[in-house]
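Structure, as structure tokens:
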């Protein structure tokens with residue numbers, strides 16, 4: 001198999017003919033093209049785009065699942081849309097899928113494509129491993145969905161499919177860990193000369209923070225999956241068989257662990273706000289600290305209700321939930337100051353970034369109430385609301401990142417006006433999903449249930465509104481996909497620096513050449529491109 | 001036209017492999033820490049004593065498990081010897097040390113197989129599922145270390161390392177130190193505390 005990549009330690013950009021220059025005519029093989037070129041690629045920008053495309057497709061599918069579940073809850077007296085046996089599986093698929101098949105790969109894809117460019121690196125560290133991570137994740141996700149379809153998710157009735165689910169989910173997690181390892185190693189070892197860690201762009205910093213926390217927390221999940229598999233496959237004595245599985249893996253998709261997946265939203269927002277404010281980011285040390293703090297608070301492997309029943313109501317859990325408010329507040333503060341001092345340009349990525357930041361803040365705020373036992377919010381749809389606020393903040397940030405860095409990756413630019421409208425639609429959709437669930441949570445409507453709530457009040461209206469929110473958001477994501485396909489493939493050519501950016505990725509051509517940069521850049525501040533522009537103006 | 005920054009001097013070769021190995025080891029430590037934590041939690045839930053936790057009639061061979069620990073300690077010494085030898089440009093000694101790593105790995109496999117055979121632990125019990133999962137995961141990690149060692153031996157013999165560039169050997173040594181530390185924890189929890 002031929003891998004198309006650039007070795008990180010290469011001192012000069014490879015030319016198209018390098019690969020076969022020394023091969024004899026007998027051993028020379030034609031370079032792959034078309035589909036095989038994408039399948040065998042080791043180019044970090046292609047791998048990243050594959051991640052993003054698949055994650056957005058999964059997002060649409062999962063939002064449809066969310067809508068079905070919400071509309072099924074409108075009438076809690078009967079099953080109108082779904083079969084009773086499918087409901088628990090679909091809830092599980094929605095929660096696990098949104099995190100492991102949408103948010104995590106979306107950010108990992110953006111990071112794989114963009115972080116080397118932000119760092120002035122020729123490629124990602126271990127490009128073959130990055131490609132392996134993507135394909136393993138894709139295969140794992142496909143098999144996992146297949147296992148769900150065969151009634152094999154947590155609590156599923158088909159024992160063989162449950163075993164298959166455990167193996168596939170394990171593969172998905174390991175693949176994401178491998179991808180995170182490549183990104184973290186890139187940030188730690190392949191930065192341009194002069195780029196100390198405090199000069200790393202905020203998205204790259206948020207990715208190394210997120211990747212580090214995931215590398216320290218998700219192996220615990222892998223270990224539990226190994227236990228669960230062996231126990232379920234042979235004896236079903238230790239973990240409660242198929243019914244017990246959900247309890248041992250749910251910690252990976254609830255706060256505080258959920259923060260670890262969504263931290264890159266803060267990094268993207270800080271980068272985009274700086275660019276569109278046309279002003280150096282104010283209080284950058286506070287933003288670095290905020291992102292680091294968000295990562296530390298996102299280490300959730302210790303919050304395992306299946307093992308320690310009251311851990312979510314402990315004093316520490318409450319204190320950390322309050323602490324989780326700090327990072328988005330600090331980033332918002334720095335962003336507001338930057339916007340105030342700058343000359344803001346309201347581009348579509350900015351709106352997606354602001355929307356994601358506000359939802360992140362709302363999700364963190366919602367989490368403050370959960371540890372209080374007196375409110376009895378645990379086990380209600382309030383938890384689903386907090387999940388949606390945080391996870392869908394990640395989705396919106398990921399889409400914003402695609403629109404922000406897309407012109408650099410494709411060399412073309414979609415229509416900004418329609419994407420601004422879609423940003424507002426996305427924010428509205430998530431609000432419609434989450435706000436009714438927050439109200440219903442206080443009314444004690446149970447989560448992961450669609451029948452016999454025994455709840456009084458406007459339950460039907462609120463559940464219907466939530467369902468409409470899912471539909472609206474699914475349409476918005478479909479709209480983004482359509483506009484991106486049209487704009488990035490057939491749109492007008494994008495300039496090398498289409499947003500008047502401040503970081504290294506905007507110094508190279510759109511799309512970048514093989515090896516990313518014609519010459520290795522030297523960095524003297526956190527905004528190297530601003531330095532160049534100021535120097536050019538001084539010369540003039 | 002692209003904006004250009006002043007060209008930089010040739011950068012030093014990045015220590016990617018060592019950094020990635022360190023991150024992978026940290027992840028591996030968390031993997032085993034999590035598995036041991038679940039083991040301890042379930043053991044506590046079962047009564048907190050080895051009599052209540054392990055099935056009746058099961059005797060884990062103490063000598064074999066202690067031998068495994070001693071072998072792993074020896075493997076760590078071999079790994080570090082390989083690093084020092086390569087730093088001295090002594091490729092032969094480095095290759096011998098890394099080859100011994102593989103031999104030690106096989107010895108650990110052998111001892112673990114002996115324990116599996118002699119202990120009579122059944123996988124379809126609560127204890128058995130956890131026992132085989134935990135020790136099997138360690139064997140998997142050990143296999144990765146042995147594969148790395150074989151690659152390093154061939155690269156060493158092929159002249160790919162020098163006294164100034166032997167990152168692969170350093171990364172291998174780090175990984176084997178990780179394996180030794182992890183096995184010490186597994187040994188203490190599974191074979192000593194029981």
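Descriptive notes on the structure:
- In region A:175-200, the residues that are out of contact with any helix residue (DSSP H, G or I) (no Cβ under 6 Å at 6 or more places or on another chain) and more than 10 Å from chain B (Cβ to nearest Cβ): A:195, A:196, A:197, A:198, A:199, A:200
- Selection of region B:163-178 for residues being surrounded by 23 or more Cβ atoms within 10 Å (Cβ to Cβ) and within 10 Å of residue B:72 (Cα to Cα) yields only B:176.
- Set side by side, the residues B:54, B:2, B:50 differ, and just one is modelled with pLDDT under 95, under 21 Å from residue B:189 (Cα atoms), within 14 Å of another protein chain (Cβ to nearest Cβ) and out of contact with any strand residue (DSSP E or B) (no Cβ under 9 Å at 6 or more places or on another chain), which is B:54.
- Residue match in region A:459-476 (condition: part of a loop (DSSP other than H, G, I, E, B) and touching a residue at least 40 places away in the same chain (Cβ under 8 Å)): no
- Residues within region B:120-145 that are more than 14 Å from every other protein chain (Cβ to nearest Cβ) and either free of Cβ contacts under 8 Å to residues at least 40 places away in the same chain or crowded, with 19+ Cβ neighbours inside 10 Å (or both), tallied: 3
- Looking at A:487, A:467, A:479, A:501, just one residue is under 23 Å from residue A:70 (Cα atoms) and surrounded by 21 or more Cβ atoms within 10 Å (Cβ to Cβ), and that residue is A:467.
- Just one of the listed residues (A:292, A:318) is at pLDDT below 95 and either outside any helix (DSSP H, G or I) or surrounded by fewer than 21 Cβ atoms within 10 Å (Cβ to Cβ) (or both), and it is A:318.
- Qualifying residue in region A:331-353 (condition: under 30 Å from residue A:219 (Cα atoms) and either part of a helix (DSSP H, G or I) or modelled with pLDDT of 95 or more (or both)): yes
- Taken over region A:79-97, the criterion of being touching a residue at least 24 places away in the same chain (Cβ under 8 Å) and not in a helix (DSSP H, G or I) is satisfied by A:79, A:82.
- In region A:145-157, the count of residues that are assigned to a helix (DSSP H, G or I), away from every other protein chain (no Cβ under 13 Å) and touching a residue at least 24 places away in the same chain (Cβ under 8 Å) is one or more.
- If only residues of region B:15-27 that are in a helix (DSSP H, G or I) and at the interface with another protein chain (Cβ under 7 Å from one of its Cβ atoms) are counted, the one that is nearest to residue A:124 (Cα to Cα) is B:16.
- Among the residues making up region A:227-250, a single one is more than 9 Å from every other protein chain (Cβ to nearest Cβ) and assigned to a loop (DSSP other than H, G, I, E, B): A:240.
The values are calculated or read from the model by the stated rules, or taken from the named source; none is laboratory data. Just so it is clear, the model here is predicted, and its values are computed rather than measured. Neighbour counts are summed over all protein chains in view; Cβ atoms, including those assigned to glycine, are modelled from backbone coordinates with ideal geometry.
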